[in-house]
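To start, the structure under review is shown below, and the notes come after it.
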Amino acid sequence: MTPAPATLPWHVHLAMYLRLFAIQGAWNYETMTGNGIAFALEPALRRLPGGRGGPAYCEAMARQSGYFNAHPYLAAVAVGALARAELDGVPAAQIERFKVAATGPLGSVGDRLIWAGWLPFCSALALLAFGLGASPTTVVALFLGCYNVVHLGLRAWGLRAGWRHGLHVAQALGTPVLRKGPAHVTRATALLAGLALPSAAVGIIGPGRAVLGLVLGGVVAGAAVITSLQGRIAGWRLAIAVLTLFTILSLVR
Amino acid sequence: MTLELFRIDDRLVHGQVVIGWGLPHALGFLVVVDDEIAAAPWEQELYRMGTPEGMEVVFATVAEAAAAMPNYQADARSGMLLTADVATMVRLAEAAAAVRQVTLGGLHHRADRVPRLRFVFLSPSEESALRGLAARGVTVMAQDVPTSAPIPLEAVLAAEGTE
């Protein structure tokens, strides 16, 4: 068996990191992010015995292109761990078992930390900035800046942690930031939302209160529509419909 | 409160489970029924990392889960029982009468499966097993998250495709 390399060359690590941004590029209902995982792993797999196009490389690429689904940012952990396992010569059956076991937890941690935690937090922060009178450019920059500091950092950390721990990456997922972080972020988001929503409403209504009735009516109508659609329409479809409505309104005004 | 949800989901513990179902149902514990995972501590450690603090996750074989069912049912917390495949849930239903309603939460592509819904792919043997489960009086439906409408088994089996 080939001795495990202690480190990946920086350019291979960088290539894998950059490819992580395309991890959902070939998403489909059959293999989900499987193709993306193989794409991100490919620079490391070239270092298998026989090199690019060799039997080991082809077998690993075929194995890694199978079904996998996890949070796109936390998938970096899996990519790092799988690269380590493939280059360490871990048996294929154990690698397959790891992929099955990792998909749920990496989805769960990512969903709680990002979709239910950091994204709402950054949204509330941007909304508060708007309510406090920040310019549109500042609001957008604040949102994108805050969100992407964690987004980009999480992908980099995940790839490094996965590579360092290999299939024992559960140790890395046990870090307090991932275990306790989501609960703290959720509480902070609730606090920020409590400040941001009334501030933003005041910002929309303006000093003359000319559109007070319109805003209140819109809130009541929106609440009624969302309540009546509960269980009858997927949340993302509703979000796209509302976003489209706001875009049309802003263009008409 | 009790063990109120029985779900077949090949990803077992993931975001839809701990957030989608976990928050509205205030789930306090999960029971993962899988003979292989029950014997693999390193896999259990991974799944534990996927659960939020305050939510207990228990791993059991089919036999252990069937024996412990009265304890799960008597638990003061709300709970969800998960299996990764149809066969395991069928074995559990045969061993424990408490399984009265089963939700197909996510069964993804495999070479022998055909798409029924975007989140449910089934093989002919799995479809037969689910019909058998329904014939035993178990209500079977497909529902990935609580905000989507539950789809009865007959409608699932009649569906073709991923939309």
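The values are calculated or read from the model by the stated rules, or taken from the named source; none is laboratory data. Bear in mind the structure is a predicted one, so any value in this text is a computation, not a measurement. Because the Cβ atoms are built from the backbone with ideal geometry, glycine has one as well, and the counts that use them run over all protein chains shown.
Before moving on, here are some points about what is shown:
- Criterion (out of contact with any helix residue (DSSP H, G or I) (no Cβ under 6 Å at 6 or more places or on another chain) and more than 14 Å from chain A (Cβ to nearest Cβ)) met by exactly one of B:Gly22, B:Gly28, B:Gly106: B:Gly28
- Only a single item in (1) more than 8 Å from every other protein chain (Cβ to nearest Cβ); (2) within 24 Å of B:Gly132 (Cα to Cα); (3) of a type in the set (A, V, I, L, M) is not met by B:Ala76, and it is number (2).
- The single condition from (1) charged (D, E, K, R); (2) closer than 20 Å to B:Thr2 by Cα; (3) in contact with a Phe, Trp or Tyr (Cβ under 8 Å, 6 or more places away or on another chain) that B:Arg110 fails is (2).
- Only one of A:Leu18, A:Leu41, A:Leu14 that is hydrophobic (A, V, I, L, M, F, W, C) and in contact with a helix residue (DSSP H, G or I) (Cβ under 7 Å, 6 or more places away or on another chain): A:Leu41
- Among the residues making up the stretch B:143-163, a single one is assigned to a strand (DSSP E or B) and more than 14 Å from chain A (Cβ to nearest Cβ): B:Pro152.
- The stretch B:115-154, subset free of Cβ contacts under 8 Å to residues at least 12 places away in the same chain and of a type in the set (A, V, I, L, M, F, W, C), residue nearest to A:Thr103 (Cα to Cα): B:Ala149
- Among the residues of the stretch A:57-70, those identified as surrounded by fewer than 18 Cβ atoms within 10 Å (Cβ to Cβ) and either farther than 30 Å from A:Asp111 by Cβ or not assigned by TED's automatic domain parsing to the domain that holds A:Arg19 (or both) are A:Cys58, A:Glu59.
- Looking across the stretch B:25-42, the residues that are at pLDDT 90 or above and more than 12 Å from the chain's Cα centre (by Cα) come down to B:His25, B:Ala26, B:Leu27, B:Gly28, B:Phe29, B:Asp35, B:Glu36, B:Ile37, B:Ala38, B:Ala39, B:Ala40, B:Pro41.
- Listed by position, the helices (runs of 4 or more DSSP H) enclosed by the stretch A:3-83 that each have at least 1 residues that are of a type outside the set (Asp, Glu) and closer than 24 Å to A:Gly153 by Cβ are A:10-19, A:34-45.
- Reported count of residues in the stretch A:71-97, each being within 11 Å of chain B (Cβ to nearest Cβ) and either crowded, with 24+ Cβ neighbours inside 10 Å or closer than 20 Å to A:Pro43 by Cβ (or both), is 5.
- Breaking point among (1) touching a residue at least 40 places away in the same chain (Cβ under 8 Å); (2) within 10 Å of another protein chain (Cβ to nearest Cβ), for B:Glu43: (1)
- Filter result for B:Ala63 (surrounded by fewer than 16 Cβ atoms within 10 Å (Cβ to Cβ) and either away from every other protein chain (no Cβ under 12 Å) or at pLDDT 90 or above (or both)): yes
- Taken as a whole, the structure places A:Phe121 among residues that are surrounded by 18 or more Cβ atoms within 10 Å (Cβ to Cβ) and either acidic (Asp, Glu) or modelled with pLDDT of 95 or more (or both).
Here is a yes/no grid of residues against (1) modelled with pLDDT under 95; (2) assigned by TED's automatic domain parsing to the domain that holds A:Asn148; (3) closer than 17 Å to A:Glu86 by Cα; (4) charged (D, E, K, R):
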site	(1), (2), (3), (4)
A:Pro5	yes, no, yes, no
A:Met16	no, yes, yes, no
A:Leu20	no, yes, no, no
A:Trp27	yes, yes, no, no
A:Glu30	yes, yes, no, yes
A:Ala38	no, yes, yes, no
A:Gly53	yes, yes, yes, no
